[in-house]
Each structure stands twice: as structure tokens, then as C-alpha cells.
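Colleague: Starting off with a structure, shown below.
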Number of protein chains: 2
Amino acid sequence: MAGYHVPPLEVLVEKFESLPGIGHKSAQRLAYHVLGMTRSEAESFSKAIIEAHEKIHYCNVCCNLTDGDLCPVCRSAVRDTSTICVVEEPKDVFALERAGEYTGQYHVLHGAISPLSGIGPDQLKIKELLCRVNDNVKEIIMATNPTVEGEATAMYLSRLLKPLGVKVTRLAYGIPVGGDLEYADEVTLQRAMEGRQEL
Amino acid sequence: MAGYHVPPLEVLVEKFESLPGIGHKSAQRLAYHVLGMTRSEAESFSKAIIEAHEKIHYCNVCCNLTDGDLCPVCRSAVRDTSTICVVEEPKDVFALERAGEYTGQYHVLHGAISPLSGIGPDQLKIKELLCRVNDNVKEIIMATNPTVEGEATAMYLSRLLKPLGVKVTRLAYGIPVGGDLEYADEVTLQRAMEGRQEL
């Protein structure tokens, strides 16, 4: 940007550019948008970043994000405590809660085993999961992503959990509802065929 | 998000969602990214928003964004003061400066005339432009966007400026360098043909 420097603007553009999925052009557009905000809007945006960072931490039980000691699910008296659904990320809990089908507990691993990225079992919240397995827990549902890493993590966990006498299940694979058979990939179709159910 | 609420996170997601071009999913992803930052990263992001907002204002002369009284271009002793390039937005100045061809002054209108959006000449920095026209100014280059609004603004300004005895020009239209003739639209091709130059 030869000849034209406005340092506070450049800093803000850089900050936006450091966010995932935001390129230089988008970062510029976002920065200009922030400049066009009222002072109080800018202040509340700035405050939201700090507040989220200060107040949100992991739930003591399931490692999901929360602003209390326990997350809303672990705190709830009406949720079934005999099943634990294991997911990779907090956003997966949000997705499952949005679906509204599941009424049990969750456990957030904060990642998946990925030797290529240097993520081993020790970096995930696996110890915390094993601590939760007691006589009350009847089933642990693997809801890691349907990727190589997610699969590997589910297999790894099931080998650890089965000797503890707990039932380990996996979310069903198949064609997505509302999808088009024509566009489904071969592996998905194979799995959908394998998992076919009687009508 | 039935059953799962983390208010500070929801506030942050809302803030990101209010930015242009950011949908709910992206906003969530950005909010999670912020949670994953170190404390000092989050603080410096938060501070960048406030600082940009506090320190950046319009240049007293050209209405571009700056953190001083004058912007770097108006402050510079080496820039040609006999030409003024009129653009719609500060980002257009950045784009032209990046090209590095132009060595004159700028004037930022902060928009274009658009009756449909209720933007008339009074909302733009047109008075400020007229005040700048003096015997020293030989040429005013219209570099508004090649849209209906940008064209209308350029025409409107040229009618105001020509009686003041100043030469008014327009950026050349034509096929973009590195583009493919096949994909150029008809109007662009017409303009490119009209504006053809001898080799």
C-alpha cells in the first residue's frame, strides 16, 4: 500500500485477516464496516470479545463451553444421565441440540486424533471421559465427524471403553435427508446400503 | 438452540453476524476462534476495534480516512497538486495507490448518488470538493465505480465542475487486463471498441 498508511486501520484489518476464512479484501470490508459503526456499537463489539474470553471456559464435567461451573446440560435435572454422546467440538453439541432428538449427556473431546497434525490422544479430553464412566452410564454414543480422524478417534475410544463394560455405539451413516441420491458419494451409498433398515 | 445457552458466546456470535457478508455459521466459527485465542490476542483484537474507531476520522482536505489532521497523500510534499482523483470510498484510494500509477491528490465522496437508496448529492462530500477547486487545479479525474450510480455521480459532478474552468476526465473503460474476451459482457466490449487506441 505504497504511500498510504493509516496504522490503526491497518492493525484492525490485520486482526480480521487473522480470523479463519477471512481474506485481505473481506478483512478490509469488515474494518470499514467497524469504522462506520456508532461509537457505542464499536464499544459493545469490543467488549463482547473480552467478555466471551473472560467468562467462557470448559464445563468441569463434559468439557463443553459454559459460563458457569457446569454447562446447561450437565446442570439440567431432566437430562438422561445414562448415555453420553462424544463429539469433537462444542459446535457439534449445538448442532445436536438444535436437532432436539437427544436427551442425554455430552462429552466434548476438543479435537480428533490426527497423527499428521501432531494431535495424539493426550491432547484430547479422553481422561475426563474415562473418569465419567460408572455403573450409571449404560451407553456411549460416538458422534465424532465422519472423517478419517473422527473414525480413528471413535475406534480408539471404543477399544478403551468396551473393557469398562459400557455399550459403545456410532451415529448411523447414510444418505442425508433432503439430499439427492445422484450426488451422494460412493462410500456414503455403500454405508447407506449396509445400514438399510426394514420399513 | 433449545436447552443450550451460553450468553457471552451468543452475544459474540451476534456481533460477528451483524458484520457484512458473515452468516450465522461463519459467525459461530469466528466466535469459537476468538475463544481459542490467547488472552493477549483477544485483548489486542478488542483494542484494535476501539482504537481504529477513536483515532480514525476524515482528512480535513480530501475526506479520506486518516489518523492525523491530514491524510498521508494531502500531507505529502511530493504529490502533484494539480490533479484530483474523485472516488466513492476510501478503499478505492487504497486500490489506486496499490496500482502505483497515480501521483496526484484524491477526493473521497463517501458514496454515490442513488435516489433509490435515498442518497442525494447533499449526503456526499461534494461541497468539500468544490471548495478545493482553484487556479492550481488543472484536472479532476472521475474514478467513481462503473455502475449506474457511479456514472450518474460522475455526470453530476462534471456538470458542476466544468463551469469552474477545470478539465474533467473519466477513467478509461475497456476489457480488464488478464481477462478473457469471451467472458467480457457486451457493454464492456462496446466501450472497449469505442475507446480503442492506435498501436
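Colleague: Going by a ≥ b ≥ c, the root eigenvalues of the Cα gyration tensor, does the stretch A:7-55 fall in the rounded group (a/c under 1.5), the prolate group (a/b larger than b/c) or the oblate group?
Modeller: oblate
Colleague: Further, regarding this structure: Explain nothing, just the number: relative contact order of the stretch A:125-199, from Cα pairs under 8 Å at least 6 residues apart, as a whole percent.
Modeller: For the stretch A:125-199, the relative contact order is 28 percent.
Colleague: Where nothing but the Cβ of Lys and Arg (+1) and of Asp and Glu (-1) is charged, how large is the charge dipole of the protein assembly as shown around its Cα centre, in debye to the nearest 20?
Modeller: So the dipole magnitude of the protein assembly as shown works out to roughly 600 debye.
Colleague: How tilted is helix B:24-35 with respect to the longest principal axis of chain B? Cα atoms for both, answer in degrees (0 to 90, nearest 10).
Modeller: 70 degrees
Colleague: OK, next. Quick check: pseudo-label points 7 Å beyond the Cα along Cα→Cβ at B:Thr103 and B:Asn145, how many nm apart are they?
Modeller: A separation of 3.1 nm, rounded to one decimal place.
Colleague: Now a separate question. Order the following by accessible area, largest value first: A:Tyr58, B:Tyr173. Probe radius 1.4 Å; ligands, DNA and RNA are ignored.
Modeller: If we order A:Tyr58, B:Tyr173 from most to least accessible, we get A:Tyr58, B:Tyr173.
Colleague: Can you give the accessible area per residue of chain B, in Å², using a 1.4 Å probe?
Modeller: So chain B comes to 56 Å² accessible per residue, rounded to a whole number.
Colleague: Using a Gaussian network model of chain A with C-alpha springs under 10 Å, which one of A:Asp69, A:Asp180, A:Asp92 is most mobile by mean-square fluctuation?
Modeller: Residue with maximal mean-square fluctuation among A:Asp69, A:Asp180, A:Asp92: A:Asp180.
Colleague: Additional query: For the stretch A:65-193, what is the relative contact order in percent, using Cα pairs closer than 8 Å and at least 6 residues apart in sequence?
Modeller: Reported as a whole number, the value is 22 percent.
Colleague: What pairs in A:Lys15/B:Lys15; A:Lys55/A:Lys91; A:Lys15/B:Lys47; A:Lys47/B:Lys91; A:Lys47/A:Lys125; A:Lys47/B:Lys15 have C-alpha atoms more than 21 Å from each other?
Modeller: Exceeds cut-off: A:Lys47/B:Lys91; A:Lys47/A:Lys125.
Colleague: Can you list residues from other chains, or at least 5 along the same chain, whose modelled amide H is less than 5 Å from the amide H of B:Thr169?
Modeller: Sorted by chain and number, the residues that satisfy this are B:Ile140, B:Ile141, B:Met142.
Colleague: Kindly rank A:153-162, B:80-89 from highest to lowest mean number of other beta carbons found within 10 Å of each residue.
Modeller: The most tightly packed comes first, giving B:80-89, A:153-162.
Colleague: Only four residue types carry charge here, +1 at the Cβ of Lys and Arg and -1 at the Cβ of Asp and Glu. Report the dipole size of the stretch B:56-199 about the Cα centre in Debye, rounded to the nearest 20.
Modeller: 560 debye
Colleague: Apply the Karplus parameterisation 6.51 cos²θ - 1.76 cosθ + 1.60, with θ equal to phi minus 60°, to every residue of the stretch B:159-173 and state each ³J(HN,Hα) to the nearest whole Hz, in sequence, with x for glycine and proline.
Modeller: 5, 6, 8, 4, x, 7, x, 10, 6, 10, 10, 10, 4, 5, 8
Colleague: For the pair A and B, how large is the buried accessible area, both sides, in square angstrom to the nearest 100, if the probe is 1.4 Å?
Modeller: Buried area (both sides, nearest 100 Å²): 5300 Å².
Colleague: What is the distance, in nm, between label points placed 7 Å from the Cα along the Cα-to-Cβ direction at B:Leu70 and at B:His24?
Modeller: Using points 7 Å along Cα→Cβ, the separation is 5.2 nm.
Colleague: I need the phi-derived Karplus couplings for the stretch B:131-140: 6.51 cos²θ - 1.76 cosθ + 1.60, θ = phi - 60°, integer Hz, Gly and Pro marked x.
Modeller: Taking θ as phi minus 60°, the curve returns 4, 7, 6, 9, 4, 6, 7, 9, 8, 10 Hz for the stretch B:131-140.
Colleague: Right, next: For peptide A:85-93, how many partner chain Cβ atoms fall within 10 Å of a residue's Cβ, on average?
Modeller: Mean partner shielding for this stretch: 2.
Colleague: Of the peptides A:183-196, B:133-146, how do they stack up when ordered by the mean number of other Cβ atoms within 10 Å, highest first?
Modeller: Order by mean packing, descending: B:133-146, A:183-196.
Colleague: With unit charges on the beta carbon (Lys/Arg positive, Asp/Glu negative), name the residue among B:Ala172, B:Ser158, B:Val11 whose Cα is farthest towards the positive pole of the charge dipole of chain B.
Modeller: Going by the charge dipole, the pick is B:Ser158.
Colleague: Taking the Cβ of A:Leu164 as the center, what net charge do the other residues with Cβ under 15 Å away carry, scoring Lys and Arg +1 and Asp and Glu -1?
Modeller: Local net charge: +3.
Colleague: Sticking with this one: Report in % the part of the accessible area of the stretch B:65-193 that belongs to carbon and sulfur, leaving out ligands and nucleic acids; probe 1.4 Å.
Modeller: Looking at the stretch B:65-193 in its full context, I get 56 percent from C and S.
Colleague: Please list the non-local residues whose amide H lies under 5 Å from the amide H of B:Ile119, H modeled 1.01 Å from N, same-chain partners needing a gap of 5 or more.
Modeller: The answer is B:Ser114.
Colleague: How many Cβ atoms of partner chains, on average, are near each residue of B:64-70 if near means within 10 Å of its Cβ?
Modeller: Per residue, the average neighbour count from other chains is 3.
Colleague: Another question, if that's okay. How far, in degrees from 0 to 90, does helix A:7-17 lean away from the longest principal axis of the Cα atoms of chain A, to the nearest 10?
Modeller: Here the helix axis deviates by roughly 20 degrees.
Colleague: Using per-residue counts of other Cβ atoms within 10 Å, averaged over each peptide, order B:104-111, A:95-102, B:13-20 from highest down.
Modeller: Those peptides, ordered most packed to least, come out B:104-111, B:13-20, A:95-102.
Colleague: Tell me the distances, shortest first, between B:Leu181 and the same position across the other copies, using label points 7 Å along Cα→Cβ, in nm to one decimal.
Modeller: 4.8
Colleague: How far is it, in nm, from the label point at A:Lys91 to the one at A:His57 when both lie 7 Å from their Cα along the line to the Cβ?
Modeller: Those two pseudo-labels are separated by 2.5 nm.
Colleague: Excluding same-chain residues fewer than 8 positions from B:Lys167, which lysines have a Cα within less than 19 Å of its Cα?
Modeller: Cα-Cα hits under 19 Å: B:Lys127, B:Lys138.
Colleague: Efficiency by 1/(1 + (r/R0)^6): what FRET value for A:Asp180 and B:Asp135, r their Cβ-Cβ distance, R0 = 51 Å, to the nearest 0.05?
Modeller: Efficiency, rounded to the nearest 0.05: 0.15.
Colleague: Another question about this same structure. Can you give the mean number of other chain Cβ atoms that lie within 10 Å of the Cβ atoms in peptide B:29-39?
Modeller: Counting other chains' Cβ atoms within 10 Å and averaging over B:29-39 gives 5.
Colleague: Rounded to whole Å, how close does chain B get to the rotation axis onto A by Cβ? Give me the residue too, please?
Modeller: B:Ser46, 2
The values are calculated or read from the model by the stated rules, or taken from the named source; none is laboratory data. Just so it is clear, the structure is predicted and the values come from calculations on it, not from any experiment. Using ideal geometry, Cβ is built from the backbone for each residue, glycine included, and neighbour counts are taken over all protein chains shown. Ligands, DNA and RNA are stripped out before the accessible areas are found, and what is left, the full protein with its side chains, is counted by its heavy atoms. Shrake-Rupley method; radii C 1.70, N 1.55, O 1.52, S 1.80 Å.
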